[in-house]
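Every read-out reported here was derived from the displayed coordinates using simple, explicitly stated rules and does not represent laboratory data. The structure presented is a predicted model; accordingly, all values stated were derived computationally and were not measured. All Cβ positions, glycine included, derive from the backbone under ideal geometry; neighbour counts span all protein chains shown.
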Amino acid sequence: MNSFPSLLESISDLNKNQIDGLLSLSTKIKQQESESQIFTYRRPIIATSFLENSTRTKHSFAIAIQKLGAMYIDFNAETSSLKKGESLEETFLTLFNQGVNLCIFRSNVSHHLAQFRNSLPIKIINGGDGINEHPTQALLDLFTLLELSPDLSGKTLAIFGDNIHSRVGHSLIKLLPMYGMKVILCGPKNFLPDPSTLPLNVEISMDRDETIKKCDFIYLLRIQKERHLENSEKNSSLEGDEYLKQNGVSLDLLKKMQKLVPVLHPGPANIGVELDLHLIKSSLYKGYLQVQNSIPMRMAIIQAMLENNDKKVGKVHGENF
Ligand code: CP
């Protein structure tokens, strides 16, 4: 994939051919686990730099890097010179000049990476930026959906919960319509975006039960309490039992509605809020399949980006005197 971008900030950075290529490579990696080490000579160096907490994304990238045979460093922002006021660009250039080929970066600031769009200090994969996007999670979710149902065209996925703060939701609404899917964003009014901002084939609903009736896949989201507090939105309907009754999804509800469809969740899940314990322990729950699929998809993304032969990366100070 020679034209693969060196900055993966958004699903918009990829075209359908590139996404098809990632899906095909992920399938091969998943099927041929033992042959996955591709970097045996001149091993690239890959860093993770997570300025916000993570269990799934950070560790699956760390595992993917090591399975590919690359060298892994965990850049710790807290103990780095970022704390002495060094800029993010100087930090990335320092890593690049130490021989680091690629950095996976997470931040609580939306569009934090946009500053590098025209002049890139190092190859970067967005591991989630504020409430903007989480493209690698959406790609592994698509990979999982295709495993569950090889033809997604005409199928509907409903995303329940805190849609307005969901970076993976923002990536999914760009990605899934490319594969012929319809997406319904469902939740209380203050969790839903302005419908006029939505792409084609994406709609909103405040009616949970009607939405469940219409969908082929359920995708649940955690309430991002930390981001509600940032916005000073205190609301008792966000509390566990009440939220589960009105807006969450339980196994009992799906049984009563005779709608036993796969349930996805990007994690972390809050049991007793957006879903109940019986649902997460049932065979409908696909959250652990998503976690399994994160490794081959993230290996495929790393491989495609490292193989792109982009000579412009790291040439930020280009003028000669
Ligand atoms: N899905 C996801 O981004 O999970 P983490 O926050 O644990 O990385």
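Assuming a ≥ b ≥ c are the square roots of the Cα gyration tensor eigenvalues, decide whether segment 249-321 counts as rounded (a/c under 1.5), prolate (otherwise, with a/b larger than b/c) or oblate. Don't skip to the end; give the middle numbers.
On the way: a/c = 4.90, a/b = 3.24, b/c = 1.51.
Taking the square roots of the gyration eigenvalues as a ≥ b ≥ c, segment 249-321 is prolate.
From the Cα gyration tensor of segment 151-308, with a ≥ b ≥ c the square roots of its eigenvalues, which class applies: rounded if a/c is under 1.5, or else prolate if a/b is larger than b/c, or else oblate? Walk me through the numbers on the way to the answer.
Working: a/c = 1.39, a/b = 1.28, b/c = 1.08.
Rounded is the answer for segment 151-308, as its axis ratio a/c remains below 1.5.
A protection proxy built from the mean count of other Cβ atoms within 10 Å ranks the segments 211-218, 188-195, 160-167, most packed first, as 160-167, 211-218, 188-195.
Shape class for segment 14-171, computed from the alpha carbon gyration tensor (a ≥ b ≥ c): oblate, with a/c not under 1.5 and a/b at or below b/c.
Derived scalar couplings between HN and Hα for segment 103-119 equal 10, 9, 10, 10, 9, 8, 9, 5, 6, 4, 8, 4, 4, 9, 4, 9, 8 Hz in order, rounded to whole Hz, by the Karplus curve 6.51 cos²θ - 1.76 cosθ + 1.60 (θ = phi - 60°), x for Gly and Pro.
Coupling constants for segment 50-65 follow from the phi torsions by the Karplus curve (6.51 cos²θ - 1.76 cosθ + 1.60, θ = phi - 60°), and in residue order they are 10, 8, 9, 4, 6, 10, 5, 5, 4, 6, 5, 5, 4, 5, 4, 4 Hz; glycine and proline get x. For the pair Asn53 and Ser81, a Förster radius of 25 Å applied to the C-beta separation gives a FRET efficiency near 0.70, rounded to the nearest 0.05.
Phi-derived couplings, Karplus 6.51 cos²θ - 1.76 cosθ + 1.60 at θ = phi - 60°, listed residue by residue for segment 209-224: 5, 4, 5, 4, 4, 8, 9, 9, 9, 10, 10, 9, 10, 6, 6, 8 Hz, with x used for Gly and Pro. Between Ile73 and Lys311, the C-beta separation translates, for a Förster distance of 22 Å, into a calculated FRET efficiency of about 0.40. Using 1/(1 + (r/R0)^6) with R0 = 30 angstrom and r between the beta carbons of Asn17 and Asp207, what's the FRET efficiency to the nearest 0.05? Once the sixth-power term is evaluated, E becomes 0.20. Relative intensity of the chain on a log10 scale, I(q)/I(0) at q = 0.14 Å⁻¹, equals -1.10, per a Debye sum over C-alpha point scatterers of equal strength in the absence of solvent.
Using only the Cα atoms, what convex hull volume per residue in Å³ does segment 143-200 have?
Details: hull volume 4.6 nm³, N = 58.
Per residue, the Cα convex hull of segment 143-200 comes to 79 Å³.
Here segment 87-243 is treated as a sphere whose radius is the Kirkwood value from Cα pairs; by Stokes-Einstein at 10 °C and 1.306 mPa s it diffuses with a coefficient of 92 µm²/s. Within straight-line reach of Lys28, meaning a Cα separation under 20 Å, sit the following lysines at least 8 residues removed in sequence or on another chain: Lys16, Lys67.
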